[in-house]
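What follows draws every value from the coordinates through simple rules; no lab data is involved. Small disclaimer: the values here were computed from a predicted structure and weren't measured. For neighbour counting, all protein chains shown are included, and Cβ atoms are generated from backbone atoms with ideal geometry for every residue, glycine included.
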Amino acid sequence: MNFRFSGHESFICKQFWLKKGYDFLIHGNKFTEDDSVIKLGVGKNMVSSIRYWMRAFGLTNENDEIEEIAHFIFNDNNGCDKYLEDIATIWLLHYQLIKTNYASIYSIFFTEFIKNKYEFSKNHLNDFIKRKCDEINISFYNQNTINNDISVLLRNYLKPTRSEGKQEIEDALSGLLLDLNILKMMKTRDDNGLTEEHYLLNTHHKDIPYQIMLFSILDNPRFSKSISLKQLQTEINSPSIIYFLNNESLFRIIGQIVDKYKSIIYTQNSGINELQSKKDINKWDVLKDYYAK
């Protein structure tokens, strides 16, 4: 296993960068070309950052070739939400960011670190990542790099405070993932009267369409036609983990899936709870069903 904790050039992913990167590539351009700065209309470091985020969200592969999910969202002729106006698309991209594991901190943070841990500090997260690196390969850990990556992760999801400067606030508010409202910050004082920043995870999300959750289930290679409730709750990249669903929310969305797709049933036999599919369902058709509403 390899970890990657750099490549974003300290920039968060901004609202229109993915569309900008998609259009750039669809017209046959390359991020490595000398005139990419001119064509994209951003600085050199931002070109590198856009390229990084395209890969991190699974919109391109290692050769900067466009993946199907990118065409599905951003194509000018039939893209489902090319300007990212639907919160469901942002949830879909959030899922993509975690599952690709290209930007390792997002997979580590959302699938491991915050399990049953809804309040944390930067130091808590840094220590956890250091332990992970020590388990795999100590050379993956560099404190300055990790601190920077943690900062970018928080800025991707955390709305700015009034204490920040006007320019910093305007820059932060351009973040792609802010509307998910996943994190909030609180300040406390320690025993010495020093201010400490703590971060809280918001687990009350009611805007996850059942089609988005079903897509992530069908897209997960760990799942088969029979998926236990425990898998849906605890498996890597499972809905409960990716979308912060408590049992009540999970059961509600399962009910919506079963009501819509008659070939999918939820069984409760001998203490074993499973979501079962009687036939193959195309994950792209599920997404099309949502965006056709």
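Nearest 5 percent is fine: what portion of the DSSP beta bridges confined to the chain is antiparallel?
Rounded to the nearest five, the antiparallel share is 100 percent.
Hey, in the GNM for the chain with a 10 angstrom Cα cutoff, which one of 64, 34, 81 fluctuates hardest?
Maximum among the listed residues: 34.
Over 10 Å intervals from 0, what percent of Cα-Cα pairs in the stretch 1-73 sits in each interval?
Cα pair-distance distribution for the stretch 1-73, in percent: 19, 57, 22, 1.
Kindly give Rg over Rh for the stretch 21-154, based on alpha-carbon atoms, with the Kirkwood expression for the hydrodynamic radius.
For the stretch 21-154, the value is 1.02.
Run the dipole for the chain about the Cα centre, Lys and Arg Cβ at +1, Asp and Glu Cβ at -1, nothing else charged, and hand back the magnitude in debye, nearest 20.
It comes to approximately 580 debye.
Going by average Cβ neighbours within 10 Å, how do the peptides 180-188, 225-233, 265-273, 46-54 rank, with the highest at the top?
Descending packing order for the listed peptides: 46-54, 225-233, 180-188, 265-273.
Can I get the semi-axes of the chain's equivalent ellipsoid? Compute them from the C-alpha gyration tensor as square roots of 5 times the eigenvalues, in angstrom, largest first.
Rounded to whole Å, the semi-axes are 31, 27, 18.
As a check on your grasp of the helix formula, calculate [θ] at 222 nm for the chain: sum -39500 (n - 2.57) over DSSP H runs of n ≥ 4, divide by the residue count, round to the nearest 500.
After summing the helix terms and dividing by residue count, I get -13000 deg cm²/dmol.
In a GNM of the chain with a 10 Å cut-off on Cα contacts, which of 59, 93, 25 has the highest mean-square fluctuation?
25
Compute the relative contact order of the chain as a whole-number percentage, counting only Cα pairs closer than 8 Å that sit 6 or more residues apart in sequence.
16 percent.
Return the Cα extents of the stretch 210-291 along principal axes one, two and three, sorted largest first, each rounded to a whole Å.
Largest first, the stretch 210-291 extends 34, 26, 23 Å along its Cα principal axes.
What is the extension gain from residue 38 to residue 198, computed as 0.36 nm multiplied by their sequence separation minus the C-alpha to C-alpha distance, in nm to one decimal?
53.5 nm
Which residue, 59, 5, 48, has the largest displacement toward the positive end of the dipole of the stretch 1-108 when charges sit on each Cβ (Lys, Arg +1; Asp, Glu -1)?
5
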